[in-house]
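The values are calculated or read from the model by the stated rules, or taken from the named source; none is laboratory data. What you see is a predicted model, and the numbers here were worked out from it, not measured in a lab. Using ideal geometry, Cβ is built from the backbone for each residue, glycine included, and neighbour counts are taken over all protein chains shown.
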Amino acid sequence: MMAVPAFTLGQLAERLGATLHGAADKMITGLATLHEAGPDQLSFLANPQYRKYLAATRAGAVLLTPTDAQSYSGDALLIANPYLAYAQLSHLFDPKPQAIAGLVHPTAVIAADAVVDASASVGAYAVIESGAQIAAGVAIGAHCFVGARTVIGEGGWLAPRVTLYHDVRIGKRVVIQSGAVIGGEGFGFANEKGVWQKIAQIGGVSIGDDVEIGSNTTIDRGALADTLIGNGVKLDNQIMIAHNVQVGDHTAMAACVGISGSTKIGKHCMLAGGVGLVGHIEICDGVFITGMTMVTRSITEPGAYSSGTAMQPAAEWKKSVARIRQLDDMARRLQQLEKRLAAVTAAGDAASDA
Amino acid sequence: MMAVPAFTLGQLAERLGATLHGAADKMITGLATLHEAGPDQLSFLANPQYRKYLAATRAGAVLLTPTDAQSYSGDALLIANPYLAYAQLSHLFDPKPQAIAGLVHPTAVIAADAVVDASASVGAYAVIESGAQIAAGVAIGAHCFVGARTVIGEGGWLAPRVTLYHDVRIGKRVVIQSGAVIGGEGFGFANEKGVWQKIAQIGGVSIGDDVEIGSNTTIDRGALADTLIGNGVKLDNQIMIAHNVQVGDHTAMAACVGISGSTKIGKHCMLAGGVGLVGHIEICDGVFITGMTMVTRSITEPGAYSSGTAMQPAAEWKKSVARIRQLDDMARRLQQLEKRLAAVTAAGDAASDA
Amino acid sequence: MMAVPAFTLGQLAERLGATLHGAADKMITGLATLHEAGPDQLSFLANPQYRKYLAATRAGAVLLTPTDAQSYSGDALLIANPYLAYAQLSHLFDPKPQAIAGLVHPTAVIAADAVVDASASVGAYAVIESGAQIAAGVAIGAHCFVGARTVIGEGGWLAPRVTLYHDVRIGKRVVIQSGAVIGGEGFGFANEKGVWQKIAQIGGVSIGDDVEIGSNTTIDRGALADTLIGNGVKLDNQIMIAHNVQVGDHTAMAACVGISGSTKIGKHCMLAGGVGLVGHIEICDGVFITGMTMVTRSITEPGAYSSGTAMQPAAEWKKSVARIRQLDDMARRLQQLEKRLAAVTAAGDAASDA
């Protein structure tokens, strides 16, 4: 059994600096959406399309903007940005087991010359290799592998079963989900008469502070210099970052994005799910790329970019596909028609003039 | 050395309830396709396009419909659905090592308050955390991690190296392949002046009975409520299911599908490989989506749906791509032509009338 | 601390069979690109677009073709193929920790009847099951799982945390990165009245010599016969190879490629990132498929193939997408216009003739 967290509305208001409408001593034991919340749960209204659920919500209280609060008679916490407030409070109700600072499981295999801070924790069967450095407050999950000379900055969390190869530098407060592989050998081969000769990947990976890396995401080490991930970058699951890619600060990528080698992505970009980028291009700051877009050239202007076609019923889609293959022919015929019609019109005009 | 399984044709006929044509005591030691089977192997004819291989097969016997059996003189087992019969018999010839019920490897680390049924087995170096419950007959592979309070229903199999985070509920007879990660933290952040603030993912994952989950597939835990996978759902490898997705009973997804957050998929759907769905949409029951389709809106009618373009030789494709970018212009010019031609025709008619 | 590798230019020239321009006793301690190299690093010029960096490079020496060397006054190693020479020398400077031959970590769990060559090494917490065979010089990383009767040929390297299921055959000098899963159960089900019945995957996986397999790549075992990967095949990260796929010798695939069941790919093919192939097709030798292409039919002629549309600013893209859905209508209207214009012209001609 896990103890259920409980806070009074007053405590939550104080923590947020929110204005309280209602009973300061009402107990809140969880968070939920407007249409799922019960009387001891706190909810929030962030997306205007959910405003319709506000009237009927059973939530014990709701995080609202002062404007939305005018049309709500129940208990509420008034705050400028309810979604951000929800993000802040969410950590109070997280059932995730917390590592016990300083607890190193007896089965962990730690090299004699690795440095593990006294306040760090290491899970069962973790392996930490020669020269690795684990800073204060880091929690390393069960079955993790930390390679030689790899450095993890303070306050980081490795979920169970994360692989960090050798010579990987991880900043502070970095979270890495299970199955992620950081520092694997990049895909580099020289072709010699049809046979691929391997190029050793002698660079490393350098990851900034406050980065999140999703489950089964892979970030390859550099061929020569390091692969670079900036501060505050958020990477979802199953993302593939190839050798020598550079990702700018506070850029976020949804799941299944693939970035080919040596491509450089700016700051504050957003890549939706399944986006693919070819290698050796540059994306400037502030670019948003919609889902499953194939990016084959550099982008020099901020804004939204897309590729692909819209989904259709398969029978209609087959017609579209066939027509796309005829497009070049259609374009030529259209041009031809324009010329011929111009000739006809000219002839008609000439005839009229005659 | 592994003992080779062996059954007589008579035994197999009895097991299936099939009609036997031929020698009841012929020994069968394996299964193979029509053109690869040898005299001690059983084959089957399911796909009509393989009917051509029937005459020349060297198979010891063949699973056939009564109709197909009329044109085959060799030994055969007659049954209405040969493919289903093959599926049923395949398990007799599976060389997969079976876990020994009740065997817990001495290296497994099991929390004192975890409940592991006496008939369950646990592999080497598995870690089972506080409050987890492992039901009867479950086999947990080596290097698996079962998080706090996670529950696995009876008869399940975790291949080696599966991660289940805390508070994950797994139904009965669920199979999870190696590298899968269930219950990782969903990708939730609130943007505060360009910096992403993490939203704790306090929901769990709930998985029904008879589900299969492929290698390196990831299913994230919910932000508030649970991510839900229905009964009989089959997920191939490297699928990504984001937080709060709901997948209906008996839906199957091929490899590399990605489903964004809060999207709801109906029952008996089939998603081919590489399909991507945006978040917050609904797909009704009985939908088939073809490979690599990008689904950006809800689907309310059963049937097949597609997006994308057909593969062409790269030189032709470049022309098509260029033409697609001119399409809006082409459409306008086409409309213009229609107007002008109508005017010409009208003028001609007027001239004729004159 | 790791000892820094150091070689004289003379030693490197001799190793390559290159012509030395400059000081034979100059010490080289690393490799770097032309614009990043310092005075004790060797660089190379392979891609003509980097020729502009040659004049200003601070590199201690440069690998150059005899032709490029004519315009360079610094120290150089002259060789026909500088990129290949770089590939060869890269291994001298690889900081990757080398396994110690014959070292089996005391925590490794090795079945009594598994055969591990005396010169092989096995990392911490690796599990090697009954009947497995590990040949001379193989290095098995920490947390690896080697299933029953699986065979690994001499000189192979498994990075930490690789899963090989039972009955997998791996050739010589094969490298497998962390998180890869070889031999997972293929995705095979027979549909019985809407419910999926599992088909046991009784085939194995057979992998040739000199193969590389990237992080988190999955290769499923065959349904009946083996899944086959040829010699010299190079697979990047997060690739999915389904049951009974065959990949020809020296074919290379970039990350996130997905190949559906029973598809056969020729020799010396190159598949760029994110390519998807449907099942049961054949790709001939010497095919190059560009990124994110959807391959829905067999390819019988060598050459380059593509699908998809070009990236556009999202607003323009929305117009293109709308127009693609009108394409069939546009094509009909175009045809109609051609007929009507022909009629007008004919009428005009008739009128002229009249």
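Free of Cβ contacts under 8 Å to residues at least 60 places away in the same chain, more than 7 Å from chain B (Cβ to nearest Cβ) and within 22 Å of A:V195 (Cα to Cα), is that true of C:V205? Criteria not met by C:V205. Every condition in (1) more than 7 Å from every other protein chain (Cβ to nearest Cβ); (2) assigned to a helix (DSSP H, G or I) is met by A:D285 except one, and the failing one is (2). Looking across the range B:293-351, the residues that are among the polar types (S, T, N, Q) and either outside the structural domain of B:I265 (by the TED database) or buried (at least 19 other Cβ atoms within 10 Å of the Cβ) (or both) come down to B:T293, B:S306, B:S307, B:T309, B:Q312, B:S320, B:Q326, B:Q335, B:Q336, B:T345. Checking each residue in the range C:12-26 for being in contact (Cβ under 8 Å) with a residue 24 or more places away in the chain and not basic (K, R) picks out C:L12, C:A13, C:L16, C:G17, C:A18, C:T19, C:L20, C:H21, C:G22, C:A23. Taking the residues in the range B:227-261 that are in a strand (DSSP E or B), within 10 Å of chain C (Cβ to nearest Cβ) and of a type in the set (A, V, I, L, M, F, W, C) as candidates, determine which candidate is surrounded by the fewest Cβ atoms within 10 Å (Cβ to Cβ). Going through the qualifying residues, I end up with B:A252.
A single entry from C:S215, C:S206 fulfils the requirement of being part of a loop (DSSP other than H, G, I, E, B) and modelled with pLDDT of 95 or more: C:S215.
When A:K198, A:K193, A:K267, A:K234 are screened for being more than 21 Å from B:D220 (Cβ to Cβ) and within 15 Å of the chain's Cα centre (by Cα), only A:K267 passes. I'm trying to understand the selection: among the residues of the range A:159-179, which are without any contact (Cβ under 8 Å) to a residue 60 or more places away in the chain, farther than 16 Å from C:H143 by Cα and not β-branched (V, I, T)? Within the range A:159-179, A:D167, A:R169, A:K172, A:R173 meet the criteria. For the range A:48-97, a tally of residues being touching a residue at least 40 places away in the same chain (Cβ under 8 Å) and within 30 Å of B:S130 (Cα to Cα) returns 7.
Scanning the range A:188-199 for residues that are outside any strand (DSSP E or B) and without any contact (Cβ under 8 Å) to a residue 40 or more places away in the chain yields A:K193, A:G194, A:I199. Take C:A346 and tell me if it is of a type in the set (A, V, I, L, M, F, W, C), in contact with a strand residue (DSSP E or B) (Cβ under 8 Å, 6 or more places away or on another chain), free of Cβ contacts under 8 Å to residues at least 24 places away in the same chain and assigned to a helix (DSSP H, G or I). For C:A346, the condition - of a type in the set (A, V, I, L, M, F, W, C), in contact with a strand residue (DSSP E or B) (Cβ under 8 Å, 6 or more places away or on another chain), free of Cβ contacts under 8 Å to residues at least 24 places away in the same chain and assigned to a helix (DSSP H, G or I) - is not met. Return a yes/no flag: does the range B:126-146 have any residue that is over 27 Å from C:N216 (Cβ atoms), in contact (Cβ under 8 Å) with a residue 24 or more places away in the chain and in contact with a strand residue (DSSP E or B) (Cβ under 8 Å, 6 or more places away or on another chain). Checked the range B:126-146: at least one residue is over 27 Å from C:N216 (Cβ atoms), in contact (Cβ under 8 Å) with a residue 24 or more places away in the chain and in contact with a strand residue (DSSP E or B) (Cβ under 8 Å, 6 or more places away or on another chain).
The test for being within 30 Å of C:M270 (Cα to Cα) and among the acidic types (D, E) does not hold for A:E154. Against the test of being touching a helix residue (DSSP H, G or I) at 6+ places or on another chain (Cβ under 8 Å) and without any contact (Cβ under 8 Å) to a residue 24 or more places away in the chain, the options C:T296, C:T251, C:T290, C:T263 yield a single qualifying residue, C:T290. With respect to A:S320, determine if the residue is farther than 11 Å from B:S307 by Cα, of a type in the set (S, T, N, Q) and facing chain C (nearest Cβ under 10 Å). So A:S320 does not fit the description; no. A single member of B:G274, B:G279 is small (G, A, S), at the interface with chain A (Cβ under 9 Å from one of its Cβ atoms), surrounded by fewer than 22 Cβ atoms within 10 Å (Cβ to Cβ) and farther than 18 Å from B:K172 by Cα, and it is B:G279. Selection over the range B:1-24 of residues that are within 22 Å of B:Q70 (Cα to Cα) and in contact with a strand residue (DSSP E or B) (Cβ under 7 Å, 6 or more places away or on another chain) gives a count of 11. Scanning the range C:262-277 for residues that are among the aliphatic types (A, V, I, L, M) and outside any strand (DSSP E or B) yields C:A272, C:V275.
Residues that are basic (K, R), farther than 24 Å from C:R332 by Cα and more than 8 Å from every other protein chain (Cβ to nearest Cβ) are absent from the range B:297-306. Note on the range B:74-187: no enclosed strands (runs of 3 or more DSSP E) hold 2 or more residues that are surrounded by fewer than 23 Cβ atoms within 10 Å (Cβ to Cβ) and not assigned by the TED database to the domain that holds B:T29. Checking each residue in the range B:89-107 for being within 11 Å of chain C (Cβ to nearest Cβ) and under 25 Å from C:I110 (Cβ atoms) picks out B:D94, B:P95, B:K96, B:P97, B:Q98, B:H105, B:P106, B:T107. Among residues of the range B:152-168 being of a type in the set (A, V, I, L, M, F, W, C) and under 16 Å from B:D220 (Cα atoms), the one that is farthest from the other protein chains (Cβ to nearest Cβ) is B:V168. Taking the range B:61-85, which residues are over 28 Å from C:W196 (Cβ atoms) and in contact with a strand residue (DSSP E or B) (Cβ under 8 Å, 6 or more places away or on another chain)? Passing the criteria: B:Y72, B:G74, B:D75.
For A:T67, are the conditions met, namely being surrounded by fewer than 19 Cβ atoms within 10 Å (Cβ to Cβ) and hydroxyl-bearing (S, T, Y)? The answer is yes for A:T67.
Looking across the range B:323-343, the residues that are facing chain A (nearest Cβ under 9 Å) and in a helix (DSSP H, G or I) come down to B:R323, B:I324, B:L327, B:M330, B:R333, B:L334, B:Q336, B:L337, B:R340, B:L341, B:A343.
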